[in-house]
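Notes for the one structure printed next.
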Amino acid sequence: MDVSYILDDLNDAQRDAVTADSTGTLVLAGAGSGKTRVLVHRIAWKIKVEGLSTYSILAVTFTNKAAREMRGRIEALMGGNLNHGMWVGTFHGLAHRLLKAHASEAGLPDNFQILDSDDQFRQLKRIHRELELDDSRWPPRQSQYFINGHKDEGRRAAHIDDFGGDLYLSTMLKVYRRYEEVCRQQGVIDFAELLLRALELWRDNPAILDHYQQRFKHVLVDEFQDTNAVQYAWLRLLSSKGMAMTAVGDDDQSIYGWRGARIENIQQFSKDIANTQIVRLEQNYRSTNNILKAANALIANNSQRLGKELWTEGEDGDKIALFAAFNEQDEARFVTDRIDELLRDDYRRSDIGVLYRSNAQSRVLEEYLVRAGVPYRIYGGQRFYDRLEIKNALAYLRIIALRDDDTAIERVINTPTRGIGNRTVEILREYAREHQLSLWRSAVAVMENGLLTARAGNALRGFLSLIEELAGECQDLPLDEQVSIAIDRSGLIAFHEKEKGEKAQARVENLQELITAARGYSADDDETEPLRAFLDQAALDAGDQQADEHEDSVQLMTLHSAKGLEFPAVFIVGVEENLFPHKMSMDDPERLEEERRLAYVGITRAERKLYLSYAESRRLHGQESFNSLSRFVREIPNELIDEVRINNTVTRPSSYAQSTTSSQQAAASSIGFGLGQRVLHSIFGAGVVISFEGQGASARVQVNFEDEGSKWLVLQYANLQAL
DNA sequence: GGTCACTCTATTTTT
DNA sequence: TAGAGTGACC
């Protein structure tokens, strides 16, 4: 059999990774080094050369997008149906699949439903109300973090010690316990629970675990550095009998520590699995040499790396452009000007990515792009299935599928308004609590016992019969017709149609789009309940991001959402201390390193052109702030950087040890302070040098004091002390 | 039940 | 600065 197509066109390292026959294979895949390729080719190798069946392969990713891409590429490489029987999906998707197959062993009802973060939040709000917690002292958001954080680490309420009644812990635990109870009653599980249950399912049912251990001969994990404790434990359990595992990841691109990702897992891998081979993919096919040199130099400042250095056979390319803007407006002008220039230079708009640390930074950029008439698209943002109108429509469908879904009932019992006020709902909640019933059952009971006033009773009866009628009409219809009937008969369409404002029309369109989505949705062949499958998918998949995806447009996004993407030209704006690295992350060395990795991710998105910019003064949240140039820029060797403009007060600060190139830097050293230098003043206290001018006796510095704000001082008299 | 004015808060986000 | 969330009021 000719299998050369699997190995041709691979470099040596990629080939090693594809053909490794160790039990554990850790592929440290640098940015742009062809990691998806390696994963896909390795699967082909296992099947075509080593003779594994497609049935015995499990491939796990984090996002649906990555799973789809992998599936598509496997099919493209190996042809059509070989993919059948192979498990390729996200951690959550696969966990869901497992739990559906073994619901009773997992302690779940057959028809359990998924609670997304928004539903979870609402649920917790309700619990806080029930437990009479003051929202300002105990924000539901905090409980959500607490619960998810612990679940991500594999801890249930029963596992957590309240240290003898510590107020914070015991309150959080009270909420956690009640939440677990409510979820159980309603038969719903949240995202973290999906993973935790799947882990417990295997841990507590050796026979089931054994079945999967027999079945899967090889598991491949993408973006391994992003796995959390539960995900890693799940993988370890599956592979505990010596099944082979390939983990692909990059410790330098771990940027999700704040949501439970454990960079340690990648370091632990070779210790946990006997006979591990580590393969480094360091040859980069994306960026110019200068860009890679900058990235390498930057990331070298992090400790505890597994170590990796990107290189390319390609050319040096342009230097990295650095622009010092007066303020955020000036910065936005710079970006639009350069974009214009690039467009004249035959770049397409979609070749350009503009990256920022936090979403709030996009506003000014948008203003300038609109003014310049440059179409743009903001990546990320709200997911299709998270939109209010869509969630409402789905809530009706959920109730049709399962009357006991309290979250769905709460959401739409009075949307569109039908005269069921807060008082009525409160009565239902009370009744439900007392009799341990779902809201739906409580409503039925309350009606039977005539516990409501005539008016409220009529309104509630209207809702109950609406749902029953809907359910009756939808029976056995194709999915899209069910959706269509639900949003029409519920009055949602009419409700949004008479709403005013620009949003209203978009909402109606989105509802129509939902019908289209249902039409295009094909459930698995063996799916007996397409509606449930569709609802599950809606919870687990973001859906298409934006409608106007096809227009050629400049791409705006946060650095986080840029991971995995690449652009011929990249702008990273706001490279300032306090913004990037963000001030919330600066005190903790580990979080600072994560910020640095984020910068590394940003830089390595660029293929040919990279522009960095910072603003001397920036208005954020209505407050003016003066930040100095990000330390991350100072960690890039001077010779790779091209200062775009030198104005008379600000230039790039010296990286102290490096040779000075501009006259300003010479001045800086003659003054004895560089930009960004922390200094102490006898009256004003501590501050940071943000600007300077003049020399000798007339030299003045601008210092941004922590308590006093920014001041110009004559250096000779200021008596500043370097800190 | 809907509107208006006020307060509060602001890092990153997938499932 | 702006958006979301809340509470008073009609």
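Residues are listed down the side, and each one gets a yes or a no for (1) more than 14 Å from DNA strand B (Cβ to nearest atom); (2) modelled with pLDDT of 95 or more; (3) more than 25 Å from the chain's Cα centre (by Cα); (4) within 18 Å of A:S287 (Cβ to Cβ):
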| residue | (1), (2), (3), (4) |
| --- | --- |
| A:A599 | no, yes, no, yes |
| A:I603 | yes, yes, no, yes |
| A:K609 | yes, yes, yes, yes |
| A:L612 | yes, yes, no, yes |
| A:L620 | no, no, no, no |
| A:S625 | no, no, yes, no |
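Out of A:S239, A:S270, A:S287, A:S254, I need the residue that is touching a helix residue (DSSP H, G or I) at 6+ places or on another chain (Cβ under 6 Å), among the small types (G, A, S) and within 29 Å of A:A44 (Cβ to Cβ). Which one?
The conditions single out A:S254.
I'm trying to understand the selection: among the residues of the range A:158-199, which are more than 20 Å from A:R126 (Cα to Cα) and surrounded by 15 or more Cβ atoms within 10 Å (Cβ to Cβ)?
A:I160, A:D162, A:L194, A:L195, A:L196, A:R197, A:A198, A:L199
Just need a number here: residues in the range A:80-139 that are aliphatic (A, V, I, L, M), part of a helix (DSSP H, G or I) and more than 12 Å from DNA strand B (Cβ to nearest atom).
The total comes to 6.
So, A:I352, is that one open to solvent by less than 30 Å² (accessible area, probe 1.4 Å), farther than 19 Å from A:R619 by Cα and touching a helix residue (DSSP H, G or I) at 6+ places or on another chain (Cβ under 8 Å) or not?
yes
Quick check: anything in the range A:429-442 within 16 Å of DNA strand B (Cβ to nearest atom) and at pLDDT 90 or above?
Checking the range A:429-442: not a single residue is within 16 Å of DNA strand B (Cβ to nearest atom) and at pLDDT 90 or above.
Can you tell me which of (1) at pLDDT below 95; (2) open to solvent by less than 10 Å² (accessible area, probe 1.4 Å) is the one A:A66 doesn't meet?
(2)
Can you pull out every residue in the range A:140-153 that is of a type in the set (D, E) and within 13 Å of DNA strand B (Cβ to nearest atom)?
Correct list: A:D152 only.
Please verify whether the range A:126-133 includes one or more residues that are over 21 Å from A:V188 (Cα atoms), within 16 Å of DNA strand C (Cβ to nearest atom) and open to solvent by 20 Å² or more (accessible area, probe 1.4 Å).
Yes - at least one qualifying residue is present in the range A:126-133.
A:E367 fails exactly one of the following numbered conditions: (1) within 16 Å of DNA strand C (Cβ to nearest atom); (2) touching a Leu at 6+ places or on another chain (Cβ under 6 Å). What is the number of that condition?
(2)
So for the range A:84-106 (the condition being more than 16 Å from DNA strand C (Cβ to nearest atom), more than 25 Å from A:L394 (Cβ to Cβ) and in contact with an Asp or Glu (Cβ under 9 Å, 6 or more places away or on another chain)), does at least one residue qualify?
Yes, the range A:84-106 contains a residue that is more than 16 Å from DNA strand C (Cβ to nearest atom), more than 25 Å from A:L394 (Cβ to Cβ) and in contact with an Asp or Glu (Cβ under 9 Å, 6 or more places away or on another chain).
Looking only at the range A:241-258, decide whether some residue is at pLDDT 95 or above, buried (at least 24 other Cβ atoms within 10 Å of the Cβ) and closer than 26 Å to A:R156 by Cβ.
no
Look at A:Q537 and say whether it is more than 16 Å from DNA strand C (Cβ to nearest atom), of a type outside the set (V, I, T) and open to solvent by 20 Å² or more (accessible area, probe 1.4 Å).
It is true that A:Q537 is more than 16 Å from DNA strand C (Cβ to nearest atom), of a type outside the set (V, I, T) and open to solvent by 20 Å² or more (accessible area, probe 1.4 Å).
Before we move on, is A:G107 in contact with a Pro (Cβ under 7 Å, 6 or more places away or on another chain) and of a type in the set (G, A, S)?
no
The values are calculated or read from the model by the stated rules, or taken from the named source; none is laboratory data. Since this is a predicted model, take the numbers as computed values, not measurements. Note that we place each Cβ from the backbone using ideal geometry, even for glycine, and neighbour counts take in every protein chain shown. Please note that ligands, DNA and RNA were not included when accessible areas were found on the heavy atoms of the full protein model with its side chains. Shrake-Rupley method; radii C 1.70, N 1.55, O 1.52, S 1.80 Å.
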